[in-house]
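The values are calculated or read from the model by the stated rules, or taken from the named source; none is laboratory data. All values derive from a computational prediction rather than experimental measurement. Ideal geometry is used to build each Cβ from the backbone, glycine not excepted, and the neighbour counts take in all protein chains shown.
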């Protein structure tokens, strides 16, 4: 995982059998680190969710760091060499939750946020380059952000701090600079949805296998999810990639292991293994 550039982070809970306490499961956390430009995802299992559990990955990092408002990231986002990015998906969720109690105000914010996402959709549909996407955002998204910022400044004194709409307004206001920073570079995403999509299989797993059998087992889950999620980003069949790696690993020197990682393998290279990975008709 690169120590500079652009990184997205999120974390998700996982129940783990604690062998030291018979019949009891502990709360563990899967930390997910995504390097969008390199198309790499790394899952790292930890027993907690506080800032020391992400120190190994964030110590010395410089560049763009995109997260939600979880306090574990505050120390790292405050460093001069880090440019913090907010997540508009989390901001939108706050206003969506406020619709039941204050639909009029919530709908104003949601309508403006939809306009921000409409710009993102247009950029994808047109296949814009990163510089072109930045230009489009400055032309179309910046005026929307200015309108939303003025609305927030007005409504923060008109809403109760502990009401759902009051919490939404204050959440976005507190993160306003971070939420605007995606305008700085067209390579940056408006939200953390890419990494949330990578975490989704873990949520499904919680419903299926319920828990990991041990802390070591959770570490193994993290390792395989790292490989499989990175395969999906590269457009590779994970099973075909595993067949390829099992064939090549014994004849690859350790210093060249990185060449076997999904982003460094072409679809053409995996073609013979993809054919082997397809199930045969019974």
At pLDDT below 95, surrounded by 12 or more Cβ atoms within 10 Å (Cβ to Cβ) and assigned to a helix (DSSP H, G or I): does that describe residue 76? yes
If a residue counts only when it is modelled with pLDDT of 95 or more, which helices (runs of 4 or more DSSP H) contained entirely in the stretch 131-215 have at least 1 such residues? 142-155, 164-174, 176-180
From 98, 32, 69, which residue is touching a residue at least 24 places away in the same chain (Cβ under 8 Å), crowded, with 19+ Cβ neighbours inside 10 Å and farther than 19 Å from residue 233 by Cβ? 98
Residues of the stretch 124-177 being over 16 Å from residue 91 (Cβ atoms) and touching a residue at least 60 places away in the same chain (Cβ under 8 Å), in sequence order, are 163
Taking the residues in the stretch 35-52 that are surrounded by 19 or more Cβ atoms within 10 Å (Cβ to Cβ) and in contact (Cβ under 8 Å) with a residue 60 or more places away in the chain as candidates, determine which candidate is farthest from the chain's Cα centre (by Cα). 45
With criteria (1) outside any loop (DSSP other than H, G, I, E, B); (2) closer than 21 Å to residue 197 by Cβ, residue 53 comes up short on (2)
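So that you can scan it fast, the table gives a plain yes or no per residue for (1) within 28 Å of residue 167 (Cα to Cα); (2) modelled with pLDDT under 90; (3) part of a strand (DSSP E or B):
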position: 22; (1), (2), (3): no, yes, no
position: 31; (1), (2), (3): yes, no, yes
position: 43; (1), (2), (3): no, no, yes
position: 92; (1), (2), (3): yes, no, no
